[in-house]
Structure formats: C-alpha cells, structure tokens
2 protein chains.
Amino acid sequence: MSGKRATLADVARLSGMSITAASMILNGRPDTRLSQDAHDRVNAAAQALGYRPNVAARGLRTDKTLTIGFISDLVATTRFASGLIKGALEAAEAAGHVVLLLETGGDPQREAEAIAAVLDRQVDGIIFATMRARELFVPELPSATAVVMLNASNRLHAMSVLPDEEAGGRRAVQLLIERGHRDGIALIGQNDEVERDKFRSVTVARRVAGIRSEMAKNDLTFMSEESIWLWEPEGGYKATRALFRRNQAPSALLCLNDRIAFGAYQALAEEGLRVPTDVSVASFDNDELAAYLRPGLTTVALPHEAMGRRAVELLLSQEAQREVLIEMPVVERESISVPSSR
Amino acid sequence: MSGKRATLADVARLSGMSITAASMILNGRPDTRLSQDAHDRVNAAAQALGYRPNVAARGLRTDKTLTIGFISDLVATTRFASGLIKGALEAAEAAGHVVLLLETGGDPQREAEAIAAVLDRQVDGIIFATMRARELFVPELPSATAVVMLNASNRLHAMSVLPDEEAGGRRAVQLLIERGHRDGIALIGQNDEVERDKFRSVTVARRVAGIRSEMAKNDLTFMSEESIWLWEPEGGYKATRALFRRNQAPSALLCLNDRIAFGAYQALAEEGLRVPTDVSVASFDNDELAAYLRPGLTTVALPHEAMGRRAVELLLSQEAQREVLIEMPVVERESISVPSSR
DNA sequence: CTGTTAGCGCTTTCAT
DNA sequence: ATGAAAGCGCTAACAG
C-alpha cells in the first residue's frame with residue numbers, strides 16, 4: 001500500500017524540527033530537554049507518517065542490529081530442533097530482537113559460510129545449536145561477537161546451555177523405585193560407545209551416568225542391559241524381544257529414549273504383555289510420540305523450549321556463565337505402576 | 001580473533017587504489033575497464049584483509065539486503081513447519097540469501113509486529129506460512145515488497161504455494177484400487193465441517209474432493225465413513241473401533257492422515273487383525289510416525305521441503321504465478337496388500 | 001533548548 | 001583508465 005517508507009527526514013520536515021531533534025525525541029534520549037511542544041509535534045508527525053526507524057541504517061551507526069544469528073547443524077529437520085528454535089524465537093521477540101536462522105548440516109564448509117553470512121549482517125550475537133549434543137568447533141570470530149552454545153559445548157569459546165541430564169537420569173530411576181520396582185528393572189538402549197565417548201555426546205553420557213549413580217545409591221543393579229546401536233524404534237523392538245527370548249521377566253523397562261520405548265511397546269504387545277499392568281516403562285525425551293502411545297508414556301523431558309529461551313537470554317544479557325543446566329521435567333503419563341507379582 | 005572488520009576503505013588503502021575502484025573491481029562491474037594490475041592489487045588486498053562487504057551498509061544504498069522474512073503462525077513448534085523451513089533455508093542459501101524467521105502464533109497483533117520487524121530490516125521479500133493451510137489475512141505492505149504465501153492463500157495479494165491435494169487424494173484411492181480393493185474400503189476421518197469450510201482449510205477440503213472424485217470415477221462407494229472431529233490418534237482409534245463394533249469387515253482403511261492411521265493401527269491390533277494381511281491401510285502426510293509404525297505405513301506425502309524451496313524460488317525470481325501446486329509423492333511402505341478373502 | 005556537522009560502509013554518477 | 005563527491009537513513013559530538 002504505502003508507496004515509500006517515511007524517513008526521519010520526513011518526520012523532521014513535517015514537524016518543523018531538525019532531524020537531530022526528531023531522532024532524540026523518538027529515541028527518548030533522557031538528558032536532552034527539548035520543549036514539550038517539540039515532543040508533541042515530532043510524535044504527531046511520526047504517528048501521522050507511520051514512521052519506523054530503518055534498523056539497518058541505525059545499525060550502521062550504533063553497531064546494534066537487534067538481530068541474532070541462530071546457526072544449527074540440523075534445524076528445522078528434526079522435531080528436536082523445533083523446541084529449541086521456538087524457545088529462542090520467543091525470547092528474542094520478548095527482547096525486541098529477531099533471529100536469522102541458518103542450517104549447516106554439520107558440514108564445516110557450510111558452517112564457515114553461515115558464520116560469514118550472519119557476520120556480514122552485523123548480528124548482535126550468535127547461537128550455535130546442535131541436535132545431538134556435542135563438542136562443536138567454532139572458527140575464529142570477531143572478538144566482540146557474543147556467542148552461546150545451545151545443546152553443545154565448546155572448550156574455549158563460550159557459554160553453553162545444556163539439559164541437566166545427570167539429574168534427569170537419576171529422576172527416571174527414582175520414578176521406578178518410588179513405585180516399588182527394584183530387582184526387575186531392565187535397561188534398554190545401553191551403548192558402550194556413547195558412554196565412553198564424552199566428546200561425541202556430552203549429554204547422553206551424563207544421562208547414563210545419572211542412571212547408574214542412582215541405581216548404585218539404592219544398591220540396585222539392572223536385571224539386564226540390552227544394548228542398541230541406533231536409538232530408533234526398530235532397535236527398541238529388537239532389544240526387547242531379545243530380552244524375552246532369554247526368558248527374563250522384567251517388572252520395568254527403563255528405555256534410554258522414547259523412540260526405543262516405542263519399539264519396546266510393540267514388542268511387549270506381541271508378547272501379550274500389557275503396559276503398565278504387566279510391565280512398566282519409563283523413558284526420556286518427551287518426543288511427540290510419547291503422547292500418542294497407548295497408554296501414554298511417562299518420560300523425562302528434554303526441555304527444548306526452555307533451553308532455547310535461556311540461550312538467547314544469556315546471549316543478550318551478557319552475564320558470564322560457563323555452563324547452564326536446564327532442568328528436565330518429568331512428564332507423568334500412564335506407563336508406570338506398581339510391579340505385578342507374576 | 002580479528003579485532004575489527006576490514007572495510008572497503010582498508011582495501012583501497014592497502015591496494016593503493018581509490019575506494020571507488022575497489023568497489024567496482026570487487027563487484028565485478030562489467031563496463032568499467034580498470035587495469036589488470038589494479039584488479040590484481042585490489043583482489044590481493046581484499047584477500048589479505050579477509051574483506052567482506054557489510055551487507056547492511058550496501059543495502060542502504062541498493063535496497064537489497066539478501067535477506068528474506070519467513071513469518072509463520074506456528075513454526076518451529078510442529079513437525080509440520082520443519083520441512084517448510086528446511087526447504088526454504090536450502091533454497092535461500094543456494095541463492096545467497098538468508099532468512100529471518102518469525103513466529104506469530106496466529107495472533108493478528110503479533111502478526112502485525114512481525115511484519116513491521118522484518119520491514120524495518122529491509123527484507124527483500126516475505127513468505128507467509130501457515131501450518132494448517134488457510135486463507136490468511138495480510139495487512140497493508142509497502143507495494144514494492146515481494147510476497148508469497150506458503151501453505152496458505154490470499155485473495156488479493158500474492159502467489160501461493162500449496163500441495164496438490166486434489167491429485168494426492170486421487171492417488172491414494174488408486175493405490176487401494178490397484179491392489180484390488182473395491183467394495184471394502186472404509187474412509188476414516190471424514191469431517192463435514194472441513195469439507196464444507198473451504199475457507200478454514202483450503203487444502204484438506206481438496207484432499208477429500210480428490211478422494212471422492214476418484215471413487216466416483218471408478219463407480220465405487222465407501223463401505224463406511226467414520227467421522228472424526230480432531231485428527232489425532234485418539235480419534236483414529238475410536239473411529240476404527242466403532243467401525244468394528246458395527247460388525248463391518250473392511251478390506252482397507254483409507255485414513256485422512258497418519259495420526260489417524262496410527263490410532264487405527266492400535267485398534268486393529270486389539271481387534272486381532274494384522275496389517276496388511278487382514279486389512280490394508282493407506283494414509284496421508286508422511287509424518288515421522290509413518291516410518292515408525294510396524295508395518296511401515298504407505299502414505300501420500302505432504303511435500304513440505306519442496307514447498308519451502310519453491311516458495312523462496314518464487315519470491316526471488318519474481319515470476320508471476322497465482323497458485324503453484326506441488327505434487328504429493330506417494331511413499332510406499334508395507335501397509336497395503338491384496339484383499340484377503342475372509 | 002535546538003541545529004550543524006560529521007560520519008557508519010557502501011555504491012554511483014560524473015569529472016578528469 | 002581512475003577518483004572525488006554525494007548520499008542511502010540514522011546517531012552523536014559539538015556548537016550555538
């Protein structure tokens with residue numbers, strides 16, 4: 001509709017003030033005291049013209065663009081990223097900022113280009129997010145640029161925001177113990193590789209560590225540990241079948257994520273066992289899946305949105321933190337009950 | 001690392017050329033003929049300084065920011081949006097653009113603010129995306145701003161990119177017919193409201209229309225139509241149970257989306273029926289879910305990534321289109337077979 | 001109390 | 001063949 005955008009000059013002209021005066025008044029600069037009349041005229045003119053400052057032009061002077069770069073390895077692609085982004089978007093909006101979203105697929109080449117692209121646009125700060133928490137390499141950056149790692153960490157650079165997996169792991173075990181499960185708990189999804197490789201997967205290793213520490217604290221050991229290479233439903237299905245083929249009768253399955261649990265549900269159904277009457281299931285992540293399952297899956301949630309939110313707050317506030325851990329809330333549904341005495 | 005960013009002036013100084021010359025050379029302006037030597041010196045200097053143009057400053061002069069605004073009602077939030085965004089990101093990157101992602105939650109107030117925010121940053125164009133395809137209201141925009149609607153349409157404004165639901169609906173029916181299903185097909189998820197309300201749901205209405213037209217073309221009618229208010233697993237489960245409680249024995253279920261199919265699978269399992277041996281299932285969307293199900297669900301996919309890609313291509317190319325329809329590919333898995341002769 | 005002036009980094013006439 | 005100068009829209013010293 002409106003042909004051209006009104007500029008500060010237009011406002012000044014219409015109000016009969018200088019450009020400077022208009023600028024000061026519209027920015028509500030505190031010290032300067034221009035007449036009340038001047039204020040009114042300028043504000044009225046701005047209003048009438050529908051004036052909005054040109055952020056790019058302003059940024060040229062002030063070095064603030066009210067824009068933050070969100071660079072992720074696999075963004076949009078996964079349900080994983082969604083919450084992270086949503087949280088970041090919310091916090092950014094609340095702070096009057098806007099976010100530039102870039103995806104790199106984890107490719108160093110594209111990563112470098114993404115960084116260049118956001119830097120070219122003078123972003124106020126950059127968030128690096130990864131889908132599988134990991135140690136992320138960050139190339140040289142202009143020293144001034146604020147950086148926070150989201151679901152990732154970095155030795156040198158920056159602050160990072162991570163889920164509190166250690167506590168989450170402990171919480172999951174407690175969930176089962178509280179209901180009376182003790183010796184009949186099977187762990188589904190154990191994976192030596194992951195447990196050792198703190199580099200590749202900062203958080204998942206902690207999840208398992210939390211689980212083991214809580215078991216130990218209660219003098220418990222797993223009746224069985226089924227290992228799974230890929231944490232997908234298929235693996236959960238097979239691992240659970242294997243468990244029963246060995247004629248073991250667990251009272252509860254502690255699945256390392258919801259997709260595994262999904263597969264476990266299927267195996268249980270084929271086994272003629274009901275959740276939670278015959279066997280309880282606890283899990284992690286709170287995937288969309290968890291709500292769809294029947295009965296609903298009780299799971300320790302990955303707090304994606306909270307993480308995204310916290311990341312931009314951190315970036316904008318410039319508090320100095322190293323690693324901020326976000327609590328993993330438990331989402332109670334119907335998959336856990338008192339062990340049956342089969 | 002690097003303290004300050006190199007500017008064009010720095011390049012000029014180091015190369016011993018004027019700023020003008022440097023600008024022209026680096027932009028590869030065609031007509032001007034500066035000496036080969038000048039070219040070499042400028043390029044070398046730029047290289048040495050790691051010079052990158054400041055996009056904001058350039059935009060101030062050229063009115064091109066190589067940035068596009070992606071405004072969505074429910075972005076990040078849904079698996080739905082992910083593909084749209086991913087596709088858009090890819091195409092933008094390929095074209096040397098970058099995307100500003102904003103979410104409005106469908107709230108007109110926030111919608112207006114989002115538009116203002118991207119306009120303030122001089123974006124080259126705006127994509128409006130919705131999760132449930134619908135008619136979207138777009139407030140007045142500067143006439144110059146390019147606009148495309150993604151998974152939405154708008155009477156006045158813009159070009160829109162939509163899935164070809166009509167063809168998709170027909171395709172799904174063909175899938176069943178090809179395998180020999182005829183009189184035993186039940187439709188799960190019928191919803192008068194949606195079928196009538198072309199305004200609220202441009203595409204889903206077309207999906208159903210396509211289905212009905214293909215059935216009619218083959219002189220077929222559904223053995224039953226189960227209506228569902230909310231297209232979630234719960235509804236699919238109940239509708240399917242209801243079907244069997246009436247003692248009907250369909251040879252195939254045509255589910256209006258994958259979440260419904262998910263519920264249907266559960267009901268089928270409880271009924272002691274196997275997919276696809278006892279009853280076949282066909283569906284729509286190609287949700288993440290569809291791959292997890294056992295057996296894998298054959299479904300007519302919503303081509304989210306292709307849509308996102310096409311939207312930015314359209315935006316950037318400024319071809320004049322009204323409505324571009326993206327083909328819905330069928331994803332064959334294992335849920336359809338020849339009808340059993342129970 | 002208010003306006004002039006000088007840039008931010010870049011592109012683009014227009015002279016030379 | 002090359003450069004000076006103006007100006008995109010804005011803010012910030014510095015004078016009046």
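Of note:
- Residue satisfying all of: in the range B:38-67; among the hydroxyl-bearing types (Ser, Thr, Tyr) and closer than 17 Å to B:HIS97 by Cβ; farthest from DNA strand C (Cβ to nearest atom) among these: B:THR67
- Test result for B:ALA21, over 26 Å from B:ARG309 (Cα atoms) and either within 16 Å of DNA strand D (Cβ to nearest atom) or buried (at least 18 other Cβ atoms within 10 Å of the Cβ) (or both): yes
- For the range A:125-132, the count of residues that are out of contact with any Asp or Glu (no Cβ under 8 Å at 6 or more places or on another chain) and within 11 Å of another protein chain (Cβ to nearest Cβ) is zero.
- Of the listed requirements (1) more than 10 Å from every other protein chain (Cβ to nearest Cβ); (2) more than 12 Å from DNA strand D (Cβ to nearest atom), B:ASP40 misses just one: (2).
- In the range A:262-274, the qualifying residues are those that are touching a helix residue (DSSP H, G or I) at 6+ places or on another chain (Cβ under 9 Å) and free of Cβ contacts under 8 Å to residues at least 24 places away in the same chain, and the one that is surrounded by the most Cβ atoms within 10 Å (Cβ to Cβ) is A:LEU273.
- Considered as a group, the residues in the range A:201-213 that are among the hydroxyl-bearing types (Ser, Thr, Tyr) and assigned to a helix (DSSP H, G or I) include one that is nearest to A:GLY189 (Cα to Cα), and that residue is A:THR203.
- Filter pass, A:LEU26 being near DNA strand D (Cβ under 8 Å from one of its atoms) and not aromatic (Phe, Trp, Tyr): yes
- A count restricted to the range B:71-85 and to residues that are surrounded by fewer than 24 Cβ atoms within 10 Å (Cβ to Cβ) and either of a type in the set (S, T, N, Q) or in a helix (DSSP H, G or I) (or both) stands at 5.
Yes/no per residue for (1) in contact with a helix residue (DSSP H, G or I) (Cβ under 8 Å, 6 or more places away or on another chain); (2) within 13 Å of another protein chain (Cβ to nearest Cβ); (3) modelled with pLDDT under 95:
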residue	(1), (2), (3)
B:ALA186	yes, no, no
B:MET215	yes, no, no
B:MET223	no, no, no
B:ASN247	no, no, yes
B:SER251	no, no, no
B:LEU254	yes, no, no
B:PRO276	no, no, no
B:ALA290	yes, yes, yes
B:LEU293	yes, yes, yes
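- Filtered residues of the range A:57-83 (kept if under 20 Å from the mean Cα position of the chain (by Cα), at pLDDT below 95 and facing chain B (nearest Cβ under 8 Å)): A:VAL75, A:ALA76, A:THR77, A:THR78, A:ARG79, A:ALA81, A:SER82, A:GLY83
- Here A:ALA9 meets each of (1) within 13 Å of DNA strand D (Cβ to nearest atom); (2) at pLDDT 90 or above; (3) not in a loop (DSSP other than H, G, I, E, B) with one exception, condition (2).
- Failed item in (1) out of contact with any Asp or Glu (no Cβ under 9 Å at 6 or more places or on another chain); (2) within 13 Å of chain A (Cβ to nearest Cβ); (3) assigned to a loop (DSSP other than H, G, I, E, B), with B:MET307 passing the rest: (3)
- Exactly one residue out of A:ARG259, A:ARG294, A:ARG310 is in the same structural domain as A:ALA91 (by TED's automatic domain parsing) and either within 30 Å of A:LEU84 (Cα to Cα) or buried (at least 23 other Cβ atoms within 10 Å of the Cβ) (or both), and it is A:ARG310.
- Those residues of the range B:103-117 which are more than 7 Å from chain A (Cβ to nearest Cβ), among the hydrophobic types (A, V, I, L, M, F, W, C) and buried (at least 21 other Cβ atoms within 10 Å of the Cβ), in sequence order: B:ALA114, B:ILE115
- For the range A:307-342, filtering for residues that are more than 24 Å from A:HIS97 (Cα to Cα), among the charged types (D, E, K, R) and modelled with pLDDT of 95 or more leaves 4.
- Restricting attention to the range A:24-37, the residues that are within 11 Å of DNA strand C (Cβ to nearest atom), at pLDDT 80 or above and surrounded by 11 or more Cβ atoms within 10 Å (Cβ to Cβ) add up to 2.
- Boolean, B:ASP120 is outside the structural domain of B:LEU14 (by TED's automatic domain parsing) and of a type outside the set (A, V, I, L, M, F, W, C): yes
Conditions (1) part of a loop (DSSP other than H, G, I, E, B); (2) within 16 Å of DNA strand C (Cβ to nearest atom); (3) surrounded by fewer than 23 Cβ atoms within 10 Å (Cβ to Cβ); (4) without any contact (Cβ under 8 Å) to a residue 40 or more places away in the chain, marked per residue:
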| position | (1), (2), (3), (4) |
| --- | --- |
| B:GLY69 | no, no, no, no |
| B:GLY87 | no, no, no, no |
| B:LEU101 | no, no, no, yes |
| B:ILE126 | no, no, no, no |
| B:ARG170 | no, no, yes, no |
| B:ILE177 | no, no, yes, no |
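The values are calculated or read from the model by the stated rules, or taken from the named source; none is laboratory data. Owing to the predicted nature of the structure, the values given are computational and were not obtained by experimental measurement. Methodologically, a virtual Cβ is constructed for each residue, glycine included, from the backbone with ideal geometry; neighbour enumeration extends over all protein chains shown.
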